[in-house]
Amino acid sequence: MAKGLDVGTMNIICAEKGKGDSISFAQQRNAFLEMEAGDLAQNMLDSAKILYTQKGNTINVLGEDAFKFSNVFNKPIRRPMKQGIISPDEKESIPMIKLIIERVLGQPEKEEEIVYISVPASPVDSKVNVLYHSKTVEALAKRLGYRTNLIDEGLAVVFSELGDFNFTGIGISVGAGMTNITVAYLATPIVSFSIARGGDWIDEQVSSATGVANERITAIKESDFSFNSDYEIGSVQGALALYYDALITYIIANLKKKLSEVAPPDAEFPIAVAGGSSRAKGFLEMFEMRISEANLPINISKVKKNKYIASDSKDPMYSIARGCLIAALTREDAEFVEVPKEEEEKAKKAVTV
Amino acid sequence: MESKLRYYFGSMVFLSGLILSISAIGFAIMVHLRRTSDPSEIITTYGILGVGLSFILMGINLMVSQRRPYGLYSNWVMIFGFLSSIFGVGLFAAFYTDNWVYPNVSYVSFAYASGICLLSGNAFGNAVLKLIEERSRQLVDTNIINQYSVEDIEKEVEKTLNESFSETTRFSAFSLGIKEENPVFIPGKALKDSTQNKIEVKDSIREVECLQNTISGKVKVNDYGIDLTTKMLSETMKKHTEAQNQSLSDKLKIKLNSMRR
Ligand SMILES: Nc1ncnc2c1ncn2[C@@H]1O[C@H](COP(=O)(O)OP(=O)(O)OP(=O)(O)O)[C@@H](O)[C@H]1O
Ligand SMILES: [Mg+2]
């Protein structure tokens, strides 16, 4: 069966078809914690089913557990990716990301199993090399025996959320390290770009503004924040609202700039927003408000709002993996039935003649 | 640092030129200068005005001047132009009234005009060069990443991946009894034995069929022919702009290289 893989700065998520009419998601945090072997009894780790590796005298705790341990031992967590990509300077953490990907993706069930992997588009505001990252992730999945295809994260959002609109519209993924945006017309991307800001940026800014530790900010943001409440000036929540707003404004300004460089077809473009950072309560309403103020050079029919309930496939965080899965399944079906392709060829000829 | 000093010096010269010219005009107004005025008044006015103008141009030259490789010529042009215009003013002061007749007049005007032309031409040239260089620097900067081809990157990735898991040792074919330097990451028990938690959610994934239809052009609501044309058009447009960008930056690079030489 085909699979979809979302390799993000914060989460690595795999989607595959479950039993019956269902999708099964496997998720791990893209993080690890380095510790001295002496700090921990290994059989304790084993019996607690902690994911770790040992190399000489260091133990690396992987994934979700790394977060728990970092709180207990008060040690900073290490993250193999930054601003959406594996950076060429972080080569030592590649084995860790490899293990996490292996863990989430699992072994292929058959030869040449198709997997679609989401990768960021080129950022407009930073010079990072997206290609290096994409090739690394692709090579890791290939080594497991998969047939890999890459897909822009924004397009994955379009595939997952804008099926009712013939895959025409704007897909936005507001993740941890990045925000990815794709404007698509009938499943074909017209503009695809990314912005090197996301949830991490908000955390960093709020942390340096309030002096509260970064991890603490993340926790408050994820569990105790909503746009609709009034917060005191100077509180963490107040700062969060401020920087969230700055991020949204920045995203829309860049979208506007990019749109002015192309001539999109005259159609209605609904917007779908996904990614973990869009989980915040009231985010979509806020986004909709800023969009309506921005006066974009494109006909935005609406901002699509999902009722998000925790652990639902409508969870915006899973939306990217789901989009990748849709792409993979479609590809698989297409290879199964070759007829539509021929038809397309014919049509193409008809148009060119 | 040196260029900053030069810039500072240039702006001082420019400013003093400006003050000279303004004071010359002020002087002319004060003494009600006209054709029949006293020669000394005429000499003072035009002398100061002429020197002021040369100073202004000299200051601009100093401010926009280039360092290597054209800096050398441009420096000579600047100095020559400045001296020639000052010389012209000096000649004028010496010849005026008594010897202000045919050949001398043309000597004076030639010296002064050529000096001013050299100075202003040089300033203009330098400013344009500076502009071009700034542009191309921006282009080159953004293209640094693109210098690597896809194959380069693939090779680099392959190398990095091989190195980062030291399972692939080069001695593996025949063990020479050499103990491996970096030990392999030994996976913990849970990593090998336990299975990954999965969340299963109800979802019929209707989108797969829709996507199939959209991609193959079987969408009912839209005009199929038009849609396909649009698709092909957007492809062509993308390729076209890419090619255009490429050729533009290539041209600039070539130009820049030939200039450097
Ligand atoms: N309930 C929540 N409210 C606000 N933010 C949240 C919530 N849950 C998660 N986040 C934030 O979402 C981000 C993670 O989202 P996601 O998993 O989509 O990113 P990613 O795909 O790993 O990163 P990227 O796509 O940028 O590489 C983190 O910054 C996290 O703090
Ligand atoms: Mg993401």
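The values are calculated or read from the model by the stated rules, or taken from the named source; none is laboratory data. Note that this is a predicted model, so its numbers are computed, not measured. As a convention, Cβ positions derive from the backbone with ideal geometry for all residues, glycine included, and neighbour counts pool all protein chains shown. Heavy atoms of the whole protein, side chains included, go into the accessibility calculation; ligands, DNA and RNA do not. Shrake-Rupley method; radii C 1.70, N 1.55, O 1.52, S 1.80 Å.
In table form, for the structure just shown:
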quantity: Modelled FRET efficiency - R0 25 Å, B:A94 with B:S3, Cβ distances, 0.05 increments; calculated: 0.10
quantity: In nm, spacing of pseudo-spin labels at B:V101 and A:E268 (7 Å Cα→C-beta vector); calculated: 9.4 nm
quantity: For chain A, built as a Gaussian network whose Cα springs stay under 10 Å, the top-fluctuating residue of A:I220, A:I151, A:I114; calculated: A:I220
quantity: Computed helical MRE - 222 nm, chain A, DSSP H runs ≥ 4 contributing -39500 (n - 2.57), nearest 500; calculated: -12500 deg cm²/dmol
quantity: FRET efficiency, A:K302 to A:E332 (Cβ-Cβ, R0 30 Å, nearest 0.05); calculated: 0.40
quantity: A:K256 accessible area, assembled protein chains, probe 1.4 Å, Å²; calculated: 80 Å²
quantity: Farthest positive-ward along the range B:3-146 dipole, Cα basis, beta-carbon charges - from B:T97, B:F80, B:S37; calculated: B:F80
quantity: Residue among A:K127, A:K302, A:K142 with the largest mean-square fluctuation in a Gaussian network model of chain A, springs linking Cα atoms under 10 Å; calculated: A:K127
quantity: Other-chain or far-sequence residues with amide H under 5 Å of A:G8's (modelled H); calculated: A:I13
quantity: The range A:31-78: Cα Rg divided by the 2.2 N^0.38 Å rule of thumb; calculated: 0.99
quantity: Residue of A:S134, A:S278, A:S229 that the Gaussian network model of chain A assigns the largest fluctuation, springs spanning Cα pairs under 10 Å; calculated: A:S229
quantity: Largest to smallest principal axis extent of the C-alpha atoms in the range B:3-146, angstrom; calculated: 71, 32, 21
quantity: Relative contact order for the range B:20-142, counting Cα pairs under 8 Å that sit 6 or more residues apart, in percent; calculated: 29 percent
quantity: Extension gain, B:D193 back to B:S149 (0.36 nm per residue minus Cα-Cα distance, nm); calculated: 11.8 nm
quantity: Per-residue ³J(HN,Hα) for the range A:196-202, Karplus 6.51 cos²θ - 1.76 cosθ + 1.60, θ = phi - 60°, Hz, x for Gly and Pro; calculated: 7, 9, x, x, 4, 4, 4
quantity: Cα-centred dipole magnitude for the range A:1-75, charges only on beta-carbon of K, R (+1) and D, E (-1), debye, nearest 20; calculated: 160 debye
quantity: Theoretical gain in end-to-end length, B:T160 to B:E41 [0.36 nm per residue, Cα-Cα removed]; calculated: 34.7 nm
quantity: Dipole in debye (nearest 20) - the range A:131-221, about Cα centre, beta carbon charges: Lys, Arg +1; Asp, Glu -1; calculated: 320 debye
quantity: Lys, Arg +1 and Asp, Glu -1 on Cβ, resulting dipole of chain A about Cα centre, debye, nearest 20; calculated: 300 debye
quantity: Distance in nm between pseudo-label sites at A:F67 and A:E109 (7 Å out along the Cβ direction from Cα); calculated: 2.9 nm
